[in-house]
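Reading through the structure tokens given below for one structure.
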Amino acid sequence: MTHRLIRARLRRVLSFALALCMAVMLAVQATGPALADEKQEQLEANRDQAKAELEAAQQQQQENQETITLTEEQRAEVMEQQEQLEGEIAGIQQKIEALNEQIAAKDQAITEKQAEVDAKQAEFDAQIEAFKERLLAVQRLNASGGIELLSNVSNMFQLLTYQRVMDSIAAQDQQICTELDTQKAQLETEKAQLQTEKQELEAQEAQQQANQDELTATATELAGVKQQLDNTLTQAEAMEEALAAAVSEKQAAFNKACDEVDAYLRQLISDAQGSFSEAPISCSLNFICPLDSYKYISCQYGAGGHKGVDFAAPGNTPIRAVASGQVITVQNHYSYGNYVMVYHGTDDNGTTYATLYAHMIRWPSVSVGQAVSQGDILGYVGSTGNSTGNHLHLELRVNGARTNPLNYVPH
Ligand SMILES: [Zn+2]
């Protein structure tokens with residue numbers, strides 16, 4: 001048999017199988033590929049939601065860890081300041097104690113000086129008293145025969161001598177009194193000097209006391225800041241475990257959602273295999289480029305989370321199946337626009353391959369269940385769906401998971 005004949009027979013068998021399928025599909029049209037894709041969309045939305053929740057949980061965990069690190073740093077800084085401050089306060093305390101000793105010594109000196117002043121005053125008073133007594137004696141002398149004594153003065157010489165003696169006594173008393181007075185004034189001056197010095201020391205002490213009060217107030221403030229930091233740290237550390245648990249939980253949910261998408265895609269392909277083919281399709285992996293020519297690759301796989309490769313090409317450029325297979329999806333999708341998905345079967349290792357062609361200019365030329373050969377036209381380049389210009393968005397799914405098509409497709 002020639003290849004052409006085999007192919008023709010295969011076509012007949014397939015179209016019979018297809019007719020059967022179509023009958024079934026008509027009966028369950030609402031639950032056909034359209035619903036299947038809604039389910040895929042739902043699963044992918046679940047997965048994206050789980051991913052967003054995981055990222056939010058990770059973000060929270062990271063922020064909490066940053067809080068801990070930052071708080072610990074600040075706490076260490078505050079404690080260093082506290083230590084320094086304690087040293088300064090202790091230094092000032094020593095100065096105050098030294099000043100207090102000096103003030104006490106000064107007080108002692110003042111007391112002693114006052115005693116000296118008092119003694120001098122007493123001496124002065126005694127001197128005055130003695131002088132007064134002498135004056136009284138002279139007066140008594142005058143009153144009771146002093147005149148007589150005077151009248152007994154026989155000559156001028158005697159009179160003058162008497163006068164001189166009297167004057168001399170007065171002058172001596174006066175001198176002594178003046179000296180005592182001067183000495184006392186000197187002592188008073190010294191005492192005043194001591195008091196001035198004491199006041200100076202007291203002023204210094206007051207200054208040191210003010211410094212100490214200020215530092216103590218700062219220390220109190222720092223203690224408050226440290227308390228707050230301690231609280232923040234305690235809270236953050238308490239949250240750490242819960243946040244880690246949340247991250248694990250979200251990670252598990254995300255993994256599960258990913259697995260569900262993968263499982264669904266595998267199911268989709270295996271269902272297609274079961275529904276549309278009598279025998280498993282064998283995939284040669286000798287893929288061709290889906291476009292005879294294109295301008296350039298406008299977006300690579302993986303760029304900004306891009307799950308396919310974009311070939312920029314003029315509108316209406318034919319899009320060809322990269323390998324033989326069966327059409328498993330023909331859809332109009334808000335993002336893919338008009339698109340076709342082709343299942344290519346399994347390679348020798350049992351790995352499955354499927355390709356997706358998006359943004360076709362109009363409803364695709366093929367229909368679900370149709371067998372296609374490598375190079376068959378599936379549709380034409382356009383810009384339907386989420387697209388800003390004419391291009392083919394090509395995806396490759398290996399065992400249901402999206403992979404870089406350029407690893408297999410020549411370009
Ligand atoms: Zn794209």
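The shape of segment 301-411 can be summarised by an equivalent ellipsoid whose semi-axes, obtained from the alpha carbon gyration tensor, come to 20, 17, 12 Å from longest to shortest. Beyond 32 Å between alpha-carbons counts as too far, so tell me which of 120/198; 106/132; 132/184; 132/198; 95/191; 51/226 fall in that bin. The pairs that break the limit, which is 32 Å between Cα atoms, are 106/132; 132/198; 51/226.
Only the Cβ atoms of Lys and Arg (+1) and of Asp and Glu (-1) were treated as charged; on that basis the dipole of segment 219-348 about its Cα centre amounts to roughly 600 debye. Each Lys or Arg adds one and each Asp or Glu takes one away; over the other residues whose Cβ falls under 14 Å from the Cβ of residue 178, this sums to -2. Packing-based ranking of 361-373, 184-196 yields 361-373, 184-196, ordered from highest to lowest mean Cβ neighbour count within 10 Å. For segment 68-236, pairs of C-alpha atoms spaced more than 19 angstrom apart make up 75 percent of the total.
Every read-out reported here was derived from the displayed coordinates using simple, explicitly stated rules and does not represent laboratory data. Owing to the predicted nature of the structure, the values given are computational and were not obtained by experimental measurement. All Cβ positions, glycine included, derive from the backbone under ideal geometry; neighbour counts span all protein chains shown.
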